[in-house]
Each structure stands twice: as structure tokens, then as C-alpha cells.
Amino acid sequence: MRYSIFSLARNALGGHKGWTPTWRDAEPKQAYDILIIGGGGHGLATAYYLAKEHGLTNVAVLEKSWIGSGNVGRNTTIVRSNYMLPENIRFYEWSMKLWEGLEQDFNYNAMVSQRGVLNLYHSDGQRDAFARRGNAMRLSGVDAELLDREQVRRMLPFLNFDDARFPIQGGLLQRRGGTVRHDAVAWGYARGASDRGVDIVQNCEVKGFVVENGRVAGVETSRGKIHAKKIGIAVAGNSSRVAAMAGLRLPIESHVLQAFVSEGLKPLIPNVITFGAGHFYISQSDKGGLVFGGDLDGYKSYAQRGNLPVVQDVCEGGMAIMPMIGRLRLLRGWGGIMDMTMDGSPIIDKTPIEGLYLNAGWCYGGFKATPAAGWCFAHLIARDEPFPAASAFRLDRFARGAILDEKGQGAQPNLH
Amino acid sequence: MTNSQRLSSGGLIDRGKPLSFRFDGKTYRGFAGDTLASALLANGVKLVGRSFKYHRPRGIFTTGAEEPNALITLRSGARREPNTKATTVELYGGLEATSQNCWPSLDFDLQAVNQLFAPLFVGGFYYKTFMWPAAFWEKVYEPLIRRAAGLGAASGLPDPDRYEHATAYCDVLIIGAGPAGLSAALAAGRAGARVILCEEDFRLGGRLLADHYQIDGETGTQWAEQAEAELTALPEVRIFRRTSVFGVYDGGVYGALERVADHLPQPPVHQPRQRVWQIVARRAITAMGALERPIVFGGNDRPGVMLASALRAYVNRFAVAPGRVALFTTTDDGWKTAEDLIRAEIPIEIVIDPRANVAEWLMKPIARAGTRILLDAVVTDTKGGRSLQAIEVLKSGSKLTFDVDTLAVSGGFNPQIGLSTHLGGRPRWSDEIGAFVPGELPSGMAVAGAAAGQYKLAECLAKGAACGAVAATDLGFSASAQPAPRVADEAIEVKPLWHVAQSRHKAFVDLQNDVTSKDVEIAHREGFRAVEHLKRYTTLGMATDQGKTSNINGHALMADLVGRAVAEVGTTRTRPPHVPIAIGALAGPHVGAHFKPTRYPAGHEWALANGASMVDAGQWHRPRWFTKPGEKDWLESVTREAKTVRAAVGVCDVSTLGKIDIQGRDAGIFLDRVYVNMFSSLAVGKARYGLMLREDGFVLDDGTTARLASDHYVMSTTTGNAAKVMQHLEFCHQVHWPELDVAMVSVTEQWTQYAVAGPKARVLLQNLLGDALDLSNEAFPYMACVEFTWANVPMRLFRLSFSGELAYEIAVPADYGEALLRELMRAGASLGVAPYGTEALGVLRIEKGHVSVGELNGQTTAADLGLGRMLSTKKDFIGRVLARRPALTDPERPTLAGFKPVDSAQRLRSGAHFVPLGITPSVENGEGYMTSVAFSPHVGSWIGLGLIKRGPARIGERVRAYDPVRGGDVEVEICSPVFVDPEGARLHV
């Protein structure tokens, strides 16, 4: 069913009895051409683009729980392409372009809101590093503006300009960046994929791989064995565990990252703001909650929860740049598992096992990557060659030294 | 209005202490012991808020933090607190509250027009529309939605109050001071355990304060008072009132918020508003009780509809006198409300119970009082405008209407299981009580009383005492058995009724988020059947009450629709915080200028007194330049300072550079392994420049390390990397080579160090030190170092140069730092000495081609920086292997070079990218970027250092320094990175 104000009105007249499931809750078949493990944003987007761009519809997405239960449902909803390294800019800008046309493409309002992402800087050195980044973006045809203190003040007068330990000197602004209603991304892709014939199978946990003569042949699941010629892994937060079932050891450590939302408020914060002298980022959802986060908890974990010191640290960072939020209340926090790579950049590549493909290692950045990750992963699976925008995200780059280290932190995953 | 609806006697309010307060500009009167909610009710105020989406009139529904309706904005100005639950606000004199989410007023809210569009505004409607045209989202739709959404408005002003963080340790933490919690505290406390008892309320007792109980012949309130008195007298027991435990964390850590001054107009001087406690407890007992749940029927949201237990609390504890009351209950407990109202001589019109059979002894006293009783009947709908006027009841197929203004509803109880699930424990469904109870508990936690589904008072007291005793005994205390208090038996039967199917009007599941039973049906129809999908699609349970009164009803409705048991459908996971917590409280005391510590070198005061402008270097404050009278801008001052160093002598505080003292027999071997070059062969009394790689082969840091004795080195690091290098060294020693006899300690703060640089540096030091040292080039050549004592002060002198001039660094213990600075300036006065700051330091090092933070950015290799030849081939060192990877040795990598503008009047900026001349700049033809720039007095123009592909091979070539974000586009010439004295002759004079 196509969604529009008319379909809404028509259904309203019929007491909303005419709506049908947004996606089919499919029973698994015994065999498919392609299986995607993971019914999160990336997995569902991959299935959608396999069907839509490559005409491959004998595809199933296997989700161990309910779709969207992983990181696509627990993030701070920020989308942006303000990277520094050309390889990352190219990929995230492709994602940005897909975001810009997504809702019309899949006929679902994911509330893509290009409200601007502003990174604050607090020193000359940081300003110059942002200039380097902004210039790299401009060279790649991406919008970037370097603002000085007065420009930032005019835009966001409520920031702490008078009593800050690290005074705000300015910011790097990407106006096309913004936020997206995260759950809707999963649902929209699921609907688009399902309508084209993809089976979305919930409550189906993969327990092992069937490998025959070095080639993948299927998976063992909690709902029986399912055969497939090609299998893509897109299980952020569990990549190492799923890959281990196929005997693969990934250059990934899994860490917990907390995020928080405040009680609902009338419009207060117009765009996405990040603090440059502490780890804190914030935006306000359309529903009114302030959505914010900060640093990793710092220890490796698969538990989707964090601890109190980081909650306090994040709030301290928030108060440092916007002391007006002191009396507003934190309503809920949650923890997502970040598959942190050795250089902070992701992996979309074939694996040493023929027919097995890997989409992993998204660190903090997986949500904004969703459309492009799906697009590029689908391309790789369908054609066995990388899509140009993702051609740098190879597994062997660590061996070659061709690392993509935006921050220059080195091979310490929790610092990226 | 003055307490038109207040009973003349009874309750726990202090009629001797009247308090005046304002709501929406009108003045009212309450009493000490009131909450804002009870005081409003006592004043006959029923309408207190408007709902989120439909702007329907809403009143007071509960007595606590579960309140979905009565959200108000408390206080004003910078202390404004939107979305405050009136039920949790302790009344104080002068309290000021306003309604929110309504316009122009609470009584007449134009946005209630939304109700007309309600058929469109169903759950998830926005996912299906607002897509055309695409550009309208940010410009039209989203601003409209954003303005309509949200609840209260923030002040937008900095919070004027302070917050504290504190940590407490105890043997047994008890959460909740109702009958179970008090019994647990008594049992553990009497055994001698260190007990912390946290109670959210300002008064201990929980339901003992709200219900009529007899314990050992006393009232529940009296029993609670005695328990409190005994606990107060026990030396190891601490009672935290007004304290909500909001989270359970790993390792027996509990987060709690103490509302220190929220019951006062503003915090007293030197007192915080709130305090966040991190309580580390060996055992914890949660005794947080249970929350009554509403029944979903038409118009169940009107002001006047209230939970039965809440109405009972308002009557019994707060002496509120409701008007014409009806009771709709499917629980035995609900009948207590009728009984208590009759006891308080408040007539109750009718009791409706959907059950066909109710215990005779429950009904008898109610019937005797003349109240009509309808069994096997339901309330289907309500009527009224801004408050309840009538209810419609369905009994045996016929519709009856009753005029009432208060409807008490009891649909069962949900144990407060939140804290038991924070660490991932799944709750368990109990058919017996029709609710979820705690499942697997976190280690060390027990649950007692109604929170565990034990609803009878006798059980609460007994299980509470047992849990307290077990916790104490487990920890080695001896608890003696106490006789169980005598209490009457109670009826607690519940027959869950989730939804009145015959309702014609909107039946609310989540009152605050305006989620109706229809919305749950739509979610079901559209496939959002998992409880988490239901939540995310309809926003059920996502409001400020976190679904405390709505989740289970919503999940049960979904269970009905999918034809499964509630137990199978499950419930959503609760996460901290259990109640919303002020961000300022979580942030704590380190706000404003105290966000991070500020580190000052010993010469800070002197520098300030001598015209220094300061700059943040990490946490340090460093002099950036010193303005002399008459100097118009920073460039003039910096240029003078740099020229003074090149022509005479300058003094610069370099204390902020990291200093690491490294000692031990194997210190030299250790350094050989962490540096790319050799240090074990360094002679005592000599220093050497060293370069350190990370394990991945990229440069970590650089600095000079001096050998003071055969087993004693002192390393210097860059200011920014001081801690990181220290961490790295410790890691290498502890993890890689624990067998090495070496120890290290940071001495950055212990030693003050000044660079004395310029052709007259030697004279200056001779002026200062006299005959104490022979400073001639022969006796103390470049890279020499010495420890000595002068004027009874231990000193270190190094002949090092960052500027390229004849230069020394002199170090003293930090206590003598400022004195040394004054002495240096005095000794150099006749030589024209000038202090110089970080800017001139930067000018001098850029002129000399020395790398610093701009180049040591974690993305460069030694070869990139022109330091590739330093990598020793005679030994192994950290980073050696991975530095050989193909991409790190690619000859096309951008490499260090110098840059000069072709037009010497043009300014350079770091962060500009290099692109070839004559073609459109693009990412494909980018060649590198500028890392550092300065105006060079020596060259007479701006100069820069940068990384450009094959830099050293392209000297003389011209490229563009392209800087679109600052509108810069400068043609530059590639040159040697060493602009001054390339032979290094000046170092050796």
C-alpha cells in the first residue's frame, strides 16, 4: 500500500481498519539465493537495494530478535558526511545523498531533517584541524563552513560564551547534516524489501555456518537449516561473534556506548552540536527530547548497558557548553555495542570464505552510514566487486598499512 | 479559594503551618505536609494540565513519580523546571507553578482543536505523510510538529544552583521505607550492619501513611514513627529522605538522587540543590512497593478520574475531601478506598466491580453505608468538559448514568520491578497476582514486600524482616529472630480487566503520550506486534513516566490481539534512571570554569604581571605573548619576541613539556626499545633528540632525553602527549618487558624549566651563575647536560635548542620556579632579555623546521617528517615492523617541506590543502596540506611547514595553498623546511 495523506485520510474514514502489515513477518524457506544475517538498518537496507537495484529478490533477512533491535534502534540519530579522509568523505557523502532522497525512494517518512551539524572548536590548533577537514570536504564537493566565535554566538546564543573553561572559538558547520528518525529507517527499508519479495524472518538466530569445500552453503538457525549461495553478515555489535562461527577472527573490539534522552521540551536546540573540548554531542528530537551522548564506557562489553561514571562525564560535558540544561531531566539512557576497528573505519568486503561477505566495524558511525552501507554491501554481494565509494573499506588494509585513521589515534579501538 | 475540599480533621498535614502558593497566577493555601497535588485538590483545582497530542484536559491521577497527567512547570526565571510532576513536589511557602503545553490558557486551549483531527493523528501517522515536497520537511512540517510536540519549555538560562556528588559505602542498602523496607532496615540495623535506607518521600512509611492499618495495636503511622525513631538511634544506620535510587550498575553500585533543597524556595547558602550519591552496597533490598494500574475505558483520562489507591492516600494522608465519588474496581484492594471514604464520612455513590463475585465481608460495610454496588458491571465511558461530570455504566446489557465528579479506578497492581532489571534480569509473569514480578536478580539484591508481589501487610513486614536478617547474616552479622508484628488479614484478589471493550470513546492506555486502545490495534494491524515495536511505533511508555501506569496495560492489549498470554508477549526492558534526574545533578560540581582542572606553571603570576596573554595548552595556561606598552597587536609583540631571541636573548617557560624520570639498571635498554634511535650508548652528561613510534609504525611523540647518570635518564615529551607517553611507557614496561630493571615517574609538575635562547644566552647564564659552572662551548657543548647545586638549590642545565640559536634549558624544583625566572630576567636585563611566549616559540621552531603538534598528528611516519634516517637498523624498537608496511613506505606519501608565499604580502594558514596550479581543485588532485604557519621576521613574510607528495624532491616548484573554508587561495613555493641557519652553525658557538 502506498502511503500518502490520501491513503491516511481514506483509512481514517474506514476507522483505520484497512491498514496492512508494514512488512511481511515471513516464515523461513529452506533455501534462498542470498541470506542477510542481521535485521538491523544495514541488513534491511542491503536487502532493499539487492531487490531494488539488482533485481535479486530470492533473499531473506534473518533477525534473531525483532527487526531494528540493534544499533539502528539505539543511537543518537545523527547523519553527516563531515569527514577528513577522502575515502571516508566519499562513502559518507554517498550516504548523505541517499538520505536526501530516501523518503521519496522508499515511500516512508523517516523524518530526514537537514538541520545542520556544528562541531565546536576551542583553540587555534583545533580550528586549523577543522579547516583541514572542511577544506577536504569542499575539495570533495561536500558543504562545509568554518564559523568564528561571533557567528556561532549569533546562531546559538545559549552556549556558554562567558564562563567556559575552554572558551568556544568557533565551529565547523555542515548544513546538510542533521538527524533521522532511526526506527523508521529500519521499518521503511523492511517495508520496501518485503514489498519486493524479500523474506524478513524475525526470531531466527543464526547458530552456525554450513561451509562446503571452502564455500559457504547455508546457515544453521534456531528455526532450522537454511541453504543459500551467498551470505552477508551485517550484525553490528555482534560481528566478531557471528564471524567466529565461520572461523574468522576480525580486527574488532566491541565496546559499549551509552546515549541518553531527556524529557520532552518545546524547541530549544535547533541543530546538532558537538563539544570540542570534551566528548558530548546533542540534538533535539521532533518529539522534544534532547538526545545526547559522549564517550565509550572504555571497557570491552557485549552487555547493552553502561555505568554511572560515563553518565556523569557526559552530563558534565553537556553542562560545560550549555549550562541551561542543568534543570532539565535525563529520562532514559541505553547502551549500544560498537564494533570498534583498529583504525576507526568500517569494513565492507569479501571474506576468505567464498560466498561469505562482511559488513562490520562501524564504530560510532553506523547509523549515518545505513543507506550507503546497504547500497555498497548489496553491490558487493550482487556483483562480487566493491562499489567505488566503499572500495577502501577492505579487510586487508591493516596488513597493507593503508589505514583510514581520521583521528590519528593508532590501533587502539576504544580511542576512535 | 481556601481548602474548600479539605477535611476538617485527620491526615498528616500540619494545620498549624499554612503555606501560601500560586498556580497559574492564582494564590492558594495548603499546609506543611502537603504535596502540590494534594494542595491543589484540597483547593478544588481539578484541571492541571493538557495532554501531549490532543490537548485534552487532565487532572491528578496518582500520588507519585508514576504520574502521567499532572505535569506542571515549577518555579520561574532561571530556576524554571518544566515537566515537574505535581505529585512529587513537596509544598513550600511561596511555591509558584504554572500549567504547560496549552495556549492561550489551561481552561481554554486552542490546540484542543487537534482532537478534531484525531482520526488522522493516530499512532504512526507521521510515517505515512509529510513527504511531499521533500524540502517542506525542514521548512514547514518539522517546525510545526516540533512546536506542537514537547511538553514544557526550558528557561534557556544557565542553572544558578549547585550540585554535589558523593559516595557512600554500606553493608545493606534498603530502597523504600514502607512496611517492608522499614522491617528490613530494623532487622539488618539491629544486627549491627551498616545500613542505608533511602526513601523518595519526605516522610517514612510508604503505604502505612496512606492506608488504615493496625500493627500491634497501633496505627500504621505510629508504627512507622517508632521504627524511624529506633533506626535513627542505631549508630550504623543512615536514613536518606527525599532520595530516589535511580539506577543499578555493575559491581554493587547504586545511583541515588538526594533532593537536598527542592522543598525550599531556593537552596540555602553553601547548600547544593541536589546531590547524586554513588552507593556501593554489599547487599541491597528493594522494597519499592507496587503501583496501581488503571483500566482502559472510554474517557478514562478526564480530570476527576484517579487511581483508587491515590484517592485513598489523598483522603487519609492529606485530608482531601473529594465530592461525589464512584469506584470502579476489579481488585479487593479497591474496596478499601470505599471503606476509607465512608470512614471519613465522604459519601460514595456507587461501586462498580466487573467481577461477579466479591467477598461478602468486603461489600457489607459499603452497602450498609447506603452505597449502591454493581457487580458484573463496567464503566464504559465518562462525560464532562474540563472535569468529570458523569460516568456511563454497563450492567446486564443496560446502560446506566451516574453523576459523579470523582472516579476511583483500581485495575490491579504492578510491582515496581524496574531496579531488578537494570542489569538485564528478565521479569517473570505471575498469574496469581496478574502482574510481572522480579525474575533473576542481580547478585546481592533481594526484593521484599509489594515490589515482590507480596501485597498483604503481614507478608510485607515478615518478608522485609527476613530479607534484612538474611542480608546481615550473609555478611557475618548475627541477627536475632523477632516476633512478627500482629496485623489483621486482608483480601488481595485481583481479576485483571485490561480494557472495557464496550467503550465508545477514546480509551487511553498511555495517558501522557495520548496512546489509545485504537492505536494499539493499528500497531497490531501494521505488524508492530513485538512489545518493543509497539512502544516505538505508538510511543507507548516513552513519556516522562516511562509507562509506569501504561506499559502492562498496553502489552496485555497486544497479547489479547495476538491471542497469546501476557507472559509470552513479555514486557519492554526498563533502563536507568528509574525516575528522571536533572542533568545538572548528574554533571555535579565541575561546571563553568571548573569543568577541568587548570594547571599553572610556577611563573604564571610573574607572566600575568608582565603583560602576558594566556593560551590553553591542554589543561595548562601558558603565556602566549607578552605585550609591551605601545604594541598594537599580537603580531607586533610576537615579532619583537622572536627578533629578540635571534638577536639577543629570550626566556621561555617550557615547564609544561612532559618530564619523565627514568631510573634503573636497564633504563638504557628500555629507552632503546621505545625510541627509534639508540640511547643506551648515550654518554652520561649528554642529551639526545629521540623519536618514538606507536606499535602501528606511526610517530607517537618526540623530545630530548638526557642521561644524568648511568642508571638515570630524564625524558621530555611534548606538552600535549605528556600523559599519553607516560601511559605508553608504563604499558611497555608492565606488559611487554616486566623483566627490565627500570622504574619511571612523571616529574612534570615537580620541575620548572626555562629555555634561555639567543646569542647572548651564555652571557646571561654566566651573569646568573658566576663561577659555579664553566659554560664555554668546549666545557659545555651542544647537547651537554649537568646537575648541580647553586645557592643551595638543585639545578639541571641542558644545552638544547628548539629555536636554532645558542640555547639552554635550566630546571629547578617548582618551588623555586618563579624565583629563578626573576633571577634570569635580572641577569639578562643589561642584555636586552625578553620573555617570549608560545607564539614566538612557534615562529622560531617553524623557521628552523622543527616538527611539533601540527606535524605530530598521529597520521605521520618518521619518513613523512624527514626523520626516516633516525630509525636504527641495529636494534628492535616499538613500531619497527609495522612501519615497514607498504602504505607507510609509499614514496608518494606527503612529506615535510617548507612553503613561502610567492607574493610575500600574502598570509598563509594551516589547514590549507595543496593543489597544482592551473587546474580546478578537487579531491583527486589534492597533494597534501599545510601543518604550521608563522610570520617569519627572519624571512620577512609568512612561512609554513606542510606535508606534500614527494616534498623534498620538489623544492622550487609552485603550488596553490587552497583554503576554501576561509576564502584563501595562495600561490606558494615549495622550499626547504629549514629557513634559518641550515648548517646549524649557531648551535655550536
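The numbers here are math on the coordinates, done by the rules we state, and not lab data. Computed from a predicted structure; not experimentally measured. Cβ atoms come from the backbone with ideal geometry, glycine included; neighbour counts cover every protein chain shown.
Which of the lysines could a cross-linker bridge to residue B:364, judged by Cα under 18 Å and excluding same-chain residues fewer than eight apart? Qualifying lysines at Cα under 18 Å: B:336. With a cut-off of 13 Å on the backbone N, the residues of segment B:536-567 near the modelled label site 7 Å out from residue A:203 along Cα-Cβ are B:559, B:562-567. Mean partner shielding of peptide B:592-598, defined as the number of other chain Cβ atoms within 10 Å of each residue Cβ, is 6.
Just name one of B:543, B:798, A:193: the one whose Cα is farthest towards the positive end of the charge dipole of the protein assembly as shown (beta-carbon charges, Lys/Arg +1, Asp/Glu -1). The Cα lying farthest towards the positive end belongs to A:193. Each label was represented as a point 7 Å from its Cα along the Cα-to-Cβ direction; for residue B:684 and residue A:354 these points are 6.8 nm apart.
The ratio of the alpha-carbon radius of gyration of segment A:1-79 to the globular-protein estimate 2.2 N^0.38 Å is 1.36. Against the longest principal axis of chain B, how steep is helix B:220-233, in degrees 0 to 90 to the nearest 10, with axes from Cα atoms? Value to nearest ten degrees: 30.
Cα centroids of segment B:742-797 and segment B:912-935: 43 Å apart. For residue B:686, the residues whose modelled amide H falls within less than 5 Å of its own, excluding neighbours fewer than 5 places apart on the same chain, are B:707, B:785. The angle between the Cα long axis of helix B:179-190 and the longest principal axis of the Cα atoms of chain B comes to about 60 degrees, rounded to the nearest 10. Taking all C-alpha pairs of segment B:891-989, those more than 22 Å from each other amount to 25 percent. Normalised by 2.2 N^0.38 Å, where N counts its residues, the alpha-carbon radius of gyration of segment B:692-743 equals 1.19. Summary: within chain B, the longest segment free of GluC sites (Glu not before Pro) located in DSSP loops with at most 14 other C-beta atoms within 10 Å is B:1-344.
For segment B:1-154, the number of Lys pairs with C-alpha atoms closer than 21 Å, counting only pairs eight or more positions apart or on separate chains, is 7. Packing-based ranking of B:189-196, B:475-482 yields B:189-196, B:475-482, ordered from highest to lowest mean Cβ neighbour count within 10 Å. Between the C-alpha center of segment B:863-886 and that of segment A:1-50 there is a gap of 55 Å. Relative to the Cα centre, the charge distribution of the protein assembly as shown, modelled as +1 at Lys and Arg Cβ and -1 at Asp and Glu Cβ, gives a dipole magnitude of about 2220 debye. If you take the charge dipole of the protein assembly as shown about its Cα centre, with +1 on Lys and Arg Cβ and -1 on Asp and Glu Cβ, which of B:472, B:868, B:397 is farthest toward its positive end? Result: B:397. Ranked by how many other Cβ atoms sit within 10 Å of their own Cβ, fewest first, the residues A:52, B:548, B:596, B:632 fall in the order B:632, B:596, A:52, B:548. At q = 0.05, 0.08 Å⁻¹ the log10 of I(q)/I(0) for the protein assembly as shown amounts to -0.45, -1.05, computed by Debye summation with a single uniform scatterer per C-alpha, solvent ignored. Annotation: aspartates and glutamates with alpha-carbon distance below 17 angstrom to residue A:229 (same-chain offsets under eight excluded): A:33, A:199, A:212, A:220, A:349, A:354, A:384, A:385. With a simple spin-label model that places each label point 7 Å from the Cα along the Cα-to-Cβ direction, the separation between residue B:473 and residue B:118 comes to 5.6 nm.
Peptide B:959-965 has a mean shielding of 5, counted as Cβ atoms of other protein chains within 10 Å of each residue's Cβ. Label point of residue B:339 set 7 angstrom out along Cα-Cβ; within segment B:487-511, amide nitrogens under 19 Å from it belong to B:487-495.
Given the Cα-Cα distance of residue B:889 and residue B:360 and 0.36 nm per residue of separation, how much length would full extension add, in nm? Extra length available between residue B:889 and residue B:360 comes to 181.3 nm. Cross-link check: pairs A:287/B:596; A:407/B:848; A:287/B:548; A:97/B:535 evaluated at a Cα-Cα cut-off of 24 Å; pairs beyond the cut-off: A:287/B:596; A:407/B:848; A:97/B:535. Angle of helix B:457-474 to the longest C-alpha principal axis of chain B, folded into 0 to 90 degrees and rounded to 10: 30°. The C-alpha atoms of segment B:394-446 occupy a region whose extents along the principal axes are 53, 24, 15 Å, arranged from largest to smallest.
Here chain B is treated as a sphere whose radius is the Kirkwood value from Cα pairs; by Stokes-Einstein at 37 °C and 0.692 mPa s it diffuses with a coefficient of 96 µm²/s. Determine the shape class of segment B:658-746: with a ≥ b ≥ c the square roots of the Cα gyration tensor eigenvalues, call it rounded for a/c under 1.5, and otherwise prolate if a/b is greater than b/c, oblate otherwise. Note, shape of segment B:658-746 comes out rounded.
Compute the Cα gyration tensor for segment A:332-378, then decide on rounded, prolate or oblate, letting a ≥ b ≥ c be the square roots of its eigenvalues: rounded whenever a/c is under 1.5, prolate when a/b is larger than b/c in the other cases, and oblate in all that remain. Cα axes put segment A:332-378 in the prolate bin. Most simply put, the protein assembly as shown has about 75% antiparallel DSSP beta bridges, counting only bridges with both residues inside it.
For every other residue with a beta carbon closer than 12 angstrom to the beta carbon of residue A:88, add +1 if it is Lys or Arg and -1 if Asp or Glu, then tell me the sum. So the environment of residue A:88 carries a net charge of 0. Once backbone amide H atoms are built at 1.01 Å from N, residue B:503 has B:298 as its partners under 5 Å, excluding neighbours fewer than 5 places away on the same chain. Based on the Cβ-Cβ distance of residue B:17 and residue B:222, what FRET efficiency does E = 1/(1 + (r/R0)^6) give at R0 = 25 Å, to the nearest 0.05? My answer for the efficiency is 0.75.
Take the Cα of residue B:76, step 7 Å toward its Cβ, do the same at residue A:400, and the gap between the two points is 6.7 nm. Take each residue of peptide A:135-146, count the partner chain Cβ atoms within 10 Å of its Cβ, and average: the result is 5. Full extension of the chain between residue B:635 and residue B:872 gives 81.2 nm of extra length, using 0.36 nm per residue less the Cα-Cα distance. If both residues of a DSSP beta bridge must be in chain B, then about 75% of such bridges are antiparallel. Which residue, B:385, A:130, B:361, has the largest displacement toward the positive end of the dipole of the protein assembly as shown when charges sit on each Cβ (Lys, Arg +1; Asp, Glu -1)? Selected residue: B:385. Comparing Cα centroids, segment B:280-334 and segment B:410-475 end up 20 angstrom apart. FRET efficiency for residue B:430 and residue A:33, Cβ-Cβ distance as r, R0 = 45 Å, nearest 0.05? With R0 = 45 Å, the Cβ-Cβ based efficiency is 0.45. Using R0 = 56 Å, the C-beta based FRET efficiency linking residue B:157 and residue B:727 works out to 0.90. Only Cα pairs under 8 Å and 6+ residues apart enter the sum, and on that basis the relative contact order of segment B:658-746 stands at 39 percent.
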